[in-house]
Structure formats: structure tokens, C-alpha cells
Amino acid sequence: MSPSPQTDSTETDFFYDAYNRDDIAYGLEPSAALAAYLSQVKLPRSSKHRAIDLGAGAGRDTLALAAAGYDVESVDLSERGLARIAERAAHRDLADHVTTRLADVRKIDFPAGAYDAVIATTVLDHIPSDDAKTVWQRMCDSLSETGFLYVQVHTTEDPGSGCPPGNTSSAPVSETAGAVINYFRPNQLAAMAVAAGAKLRILRYEERLEWDYTHGPEHQHGKAVLLAVRSGYHPPWYGQPAAFPRSENAT
């Protein structure tokens, strides 16, 4: 695992406090839709599988991917978050499957077809809209023919949004809302996924409100959540939660 330098300055690491706590921000559990996909679509152990976790934070999704058999590149601008990923990966004997990288997602290379999983949990909403469109296309182009894409963004339903309906909400705002500069409009992420250039097939999409108790005072978010695969790929996906999977007693 590549080492990640640490900093004690919140001036250079916006998320330092959130990731430095014992009760770490966003918790230990992976994103629910990602966990559901990993539990249903198993990797063959005969070959290497690459994943990139953009805006990896303190690593909850990175660790789930590594445990499922992926070699994961964890990218973030938080030095403290990357250090926590290294700690957690070592504790779970997953260090050989995780590499951390301090970088801006707008400035990294996305080799075409290189990744079997591309994860971007609240990343495209942390960069300007034009940059988000560019990074999105690079993400889609980097997906392998049997790869999957998982994305979360904050929407205009979020009480931190300057647009309606979020700006009319009386719900409390996240302590890290200042990092969100690009709130997505209704159906915007879904439209990006079905655009011809994306070459994706949507498995699950939803827009929702959620309460967050994992960092700072409890607060509300508006989120859009997308799970998709490359067009033409049909993995054994039964939904979240799995609706009608094959019986364990089936022969």
C-alpha cells in the first residue's frame, strides 16, 4: 500500500476533523447499493479485477471492494482520510489490495476500459458542473465491458442547496456542506447515464432524502443514487434488497 502523508491542519484538509474522530465520519458500512451488488455478483478468482474509488473518504466503499476481491485505487484530497484507509485496510488484512492516491479527480488519468468498478460517492457534486461532465465521461470510458458504476450526488432537495426545494427546507444542514458546490437537478444524473455517450445500462436509480447521524449534529441530505453496468452486460442482479433470488435449496 502506498503511504499517505498526514496533516494536523484543517486549513489544508477540509475533512480532517470528520475523518480524525474515533467514531469516524460515514461509518464502517459500505454504501447499501454497492454492498448489495457485491453480495450478488461474485468475481471469478482466476483473474485480477481493478476498481477506482473516487473521493474515497475514510474507505468504507474501498474496503468492501477489496474484501470482494478487487484491487482498489483510493483517490481523495483528504490526507487524513487516506491515512485512515491505510489503517483500516491493514487491520483487515487487505493492505495488498488497496493503494491510496492524494489527487484531484479532475487531474488523474482514466485509461479506457481499465476498471471493473468505478465508484464516485459525492464527488461530482464537489466540483464545478463543467468539470463534472468531463470527469463523468472519463469515468464511463474507463469502465470495462463487465464493469459496474456506482455514483452518489447531492441534489437540489438537500437543505444546503441554494435552489428549491432544498433552500426552503428547515432541516439541519451538514457540517461539510461547504464542500458541495454542484447540486444536481431532478433526473439530471439519470439523464447523464442514459445519454448515448455513457453506454450504460441502469440497474438502480433513486432520488431520496436521508438523515445522517455519522458525523457532527444530525442533518439531512438530498441524494441521487445510481448503480449501472456497461450496456450489453447482464450480471445476476436481483435488486436491492434482492426480490426473487434463486432459492438456496435449488438444485
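The values are calculated or read from the model by the stated rules, or taken from the named source; none is laboratory data. As the structure is a prediction and not an experimental result, all values here were calculated from the model. Cβ coordinates were reconstructed from backbone atoms using ideal geometry, including for glycine residues, and neighbour counts include every protein chain displayed. The area values use the complete protein model at the heavy-atom level, side chains included, leaving out ligands, DNA and RNA. Shrake-Rupley method; radii C 1.70, N 1.55, O 1.52, S 1.80 Å.
Points to keep in mind about this one:
- What the pair-distance distribution of the chain shows, using all Cα-Cα distances binned every 5 Å from zero, is 1, 6, 13, 18, 20, 18, 13, 7, 3, 1, 0, 0 percent.
- Sites listed here are GluC sites (Glu not before Pro) in the range 206-251 whose DSSP assignment is loop and whose Cβ has at most 10 other Cβ atoms within 10 Å: 248.
- Of the residues 66, 44, 85, the one whose Cα sits farthest towards the positive end of the charge dipole of the range 39-93 is 44 (charges of +1 on Lys and Arg Cβ, -1 on Asp and Glu Cβ, taken about the Cα centre).
- Residues of the chain: accessible area per residue with a 1.4 Å probe, Å²: 48 Å²
- Net charge dipole size for the range 95-251 [Lys, Arg +1 and Asp, Glu -1 on Cβ; Debye, nearest 20]: 500 debye
- Neighbour net charge for residue 101 - beta-carbon separation under 9 angstrom, K R +1, D E -1: -2
- The local environment of residue 44, defined by Cβ-Cβ distances under 15 Å, has a net charge of +1 under the rule Lys, Arg +1 and Asp, Glu -1.
- Shown for the chain: the carbon plus sulfur share of the solvent-accessible area, taken with all protein chains present and a 1.4 angstrom probe, equals 50%.
- Among 98, 180, 41: highest mean-square fluctuation, GNM of the chain, C-alpha pairs under 10 Å: 41
- Using a probe of 1.4 Å on the protein chains alone, the accessible area found for residue 108 is around 10 Å².
- CD proxy at 222 nm, helix term only [per DSSP H run n ≥ 4: -39500 (n - 2.57); per residue of the chain; nearest 500]: -6000 deg cm²/dmol
- Counted without the sites themselves, the longest stretch of the chain free of trypsin sites (Lys or Arg not before Pro) in a DSSP loop having at most 16 other beta carbon atoms within 10 Å is 93-198.
- Candidate residues 163, 140: accessible-area rank, largest first, probe 1.4 Å: 163, 140
- Only protein heavy atoms count here; under a 1.4 Å probe, residue 213 has an accessible surface of about 150 Å².
- Convex hull volume per residue in cubic angstrom - Cα atoms of the range 31-71: 60 Å³
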